[in-house]
1. If r is the Cβ-Cβ distance from Glu363 to Asp280 and R0 is 30 Å, what FRET efficiency results, to the nearest 0.05?
2. Would you mind checking region 98-115 for residues with the amide N under 19 Å from a putative spin-label position 7 Å along Cα→C-beta of Ser53?
3. What accessible area per residue comes out for the chain, rounded to a whole number of Å², with a 1.4 Å probe?
4. Test of understanding: what is the full-extension gain from Tyr211 to Glu257, defined as 0.36 nm times their sequence separation minus their Cα-Cα distance?
5. Can you pull out the trypsin sites (Lys or Arg not before Pro) in region 334-397 whose DSSP state is coil and whose Cβ has at most 12 other Cβ atoms within 10 Å?
6. For a bin width of 20 Å, list the pair-distance distribution of the chain built from all Cα-Cα distances, rounded to whole %.
7. Can you compute the modelled spin-label distance between Thr329 and Gln80, with each label point 7 Å from Cα toward Cβ, in nm?
8. If you build a Gaussian network model of the chain, linking Cα atoms that sit under 10 Å apart, which residue out of Ala31, Ala229, Ala195 swings the most?
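The values are calculated or read from the model by the stated rules, or taken from the named source; none is laboratory data. Just so it is clear, the model here is predicted, and its values are computed rather than measured. Glycine also receives a Cβ, built like all others from the backbone with ideal geometry; neighbour counts cover every protein chain displayed. Side chains are part of the model used for accessible areas, which takes the heavy atoms of the whole protein and leaves out ligands, DNA and RNA. Shrake-Rupley method; radii C 1.70, N 1.55, O 1.52, S 1.80 Å.
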Amino acid sequence: MVLKDKHIVLGITGSIAAYKAASLARLLIKAGAEVQIVITPSGKEFITPVTLSALTGKPVVSEFFTANDGTWHSHVDLGQWADLMLIAPATAATLAKMANGIADNMLITSYLSMKAPVIIAPAMDLDMFAHPSTTQNIELLRSYGNIVVEPAAGELASRLTGKGRMEEPEKIMAVVENFFTRQGSLSKKKVLITAGPTYERIDPVRFIGNYSSGKMGFALAEECARRGAEVTLVTGPVSLKTNHPGITRIDVESAAEMYNVSIKAFLSMDAAILCAAVADFRPAEQYAEKVKRSGDMLNISLVPNKDIAASLGKMKKANQLLVGFALETNDEETNALKKIIKKNLDFIVLNSLNDAGAGFKYETNKITILNRNGERKDFALKTKKEVASDIIDETFP
Ligand code: CTP
């Protein structure tokens, strides 16, 4: 009973899926939680506060004041009281307000004052869900450390079919239970994560780089932080944001910079997960001035960069864990196993570019984990966030 006596603020907004929030409240109560509902004015158009308060045994909060007696409802108190805030359903408008701090109702003010983690289950029509502004708002909310339960695909209230339907209450419950099971499981652990590409400078305006987006490394950092770890995230140039208080982000550009920061940080770490796509070589010469076109050929000589993983592997003490990544196109398993030994890794996460939906460009990834004993675990194609969770379960079993 991980939910026993947990304080949950359940936020309900104006979507037809609000009717499912009643089942969700019931499931939370049955699991032993205390539930305080906060509903937006348009949420009340879809489900009555009477139904909800009958389920939770508490008056539903909606306005800043109770109109008849002027009682002030404190969003700050709710923020302090809660162990978790769950917003289900969350409309496109609510997501936009949450992402931008537009505190024009009790639910958003409660969200902004929330001390507890927040899980959001969006619900909207497929085109609204697919709109770039919604995508961007969800990305922002994730970067604030909020957990998003992706909507399901299927028939929508509009009779259109597509992705946007709020996930079923049982599935949301599973996310909530999972959250409490894992919460704090990594407290007092220190984890170093490298992420993104490195840029190897040729001259003041050009570099050699790669297509790594950093998404996998950021997902790992966020998941570790969510479980209570103190994370040092060393990242190459990426366009990602992260605001989780448990993450100390150090931005670097080149492999040499990433090497220096990582070697220093590793001394105090319990584990390092090396997700960065580090350039193996850099130009032998870095030109101070922009290189001008001259002649038909331009030769750039490259010299090797230091291998961060191998160096950490040499430094590694018995109580430290080292996890590497391998992106292979052929002889995947043999090559990955060689890297485990060469770099003294505890295990390696293998991405194959032969798998559809895996690799740099995608939101999803498909991994295989190989350990030093040659044991192999294959995982299904999942979102990078889910993959991050699998990798962390493997690192800290
Ligand atoms: N890595 C690193 N420092 C480097 C190169 C790689 O820390 N200079 C790490 C990566 O972050 C990854 C792992 O080593 O965790 C594997 O990287 P990869 O480039 O595939 O390995 P290489 O040893 O460079 O092998 P190859 O280029 O032959 O595939």
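1. Details: r = 27 Å, r/R0 = 0.89.
Using R0 = 30 Å, I get an efficiency of 0.65.
2. Once the point is set 7 Å along Cα→Cβ of Ser53, 106-107 turn out to lie under 19 Å by backbone N, inside region 98-115.
3. On the way: 19060 Å² over 397 residues.
With the other protein chains kept in place, the chain gives 48 Å² per residue.
4. Values: separation 46, 0.36 × 46 = 16.56 nm, distance 1.88 nm.
Stretched fully, the Tyr211-Glu257 segment lengthens by 14.7 nm.
5. Numbers: sites: Lys338, Lys339, Lys342, Lys343, Lys361, Lys366, Arg372, Arg376, Lys377, Lys382, Lys384, Lys385; in loops: Lys361, Lys366, Arg372.
Within region 334-397, the qualifying trypsin sites (Lys or Arg not before Pro) (loop, at most 12 other Cβ atoms within 10 Å) are Lys361.
6. For the chain, the pair-distance distribution reads 25, 49, 23, 3, 0.
7. Each label point is offset 7 Å from its Cα along the Cβ direction, giving 6.0 nm.
8. In this elastic network of the chain, the residue with the biggest mean-square fluctuation among Ala31, Ala229, Ala195 is Ala31.
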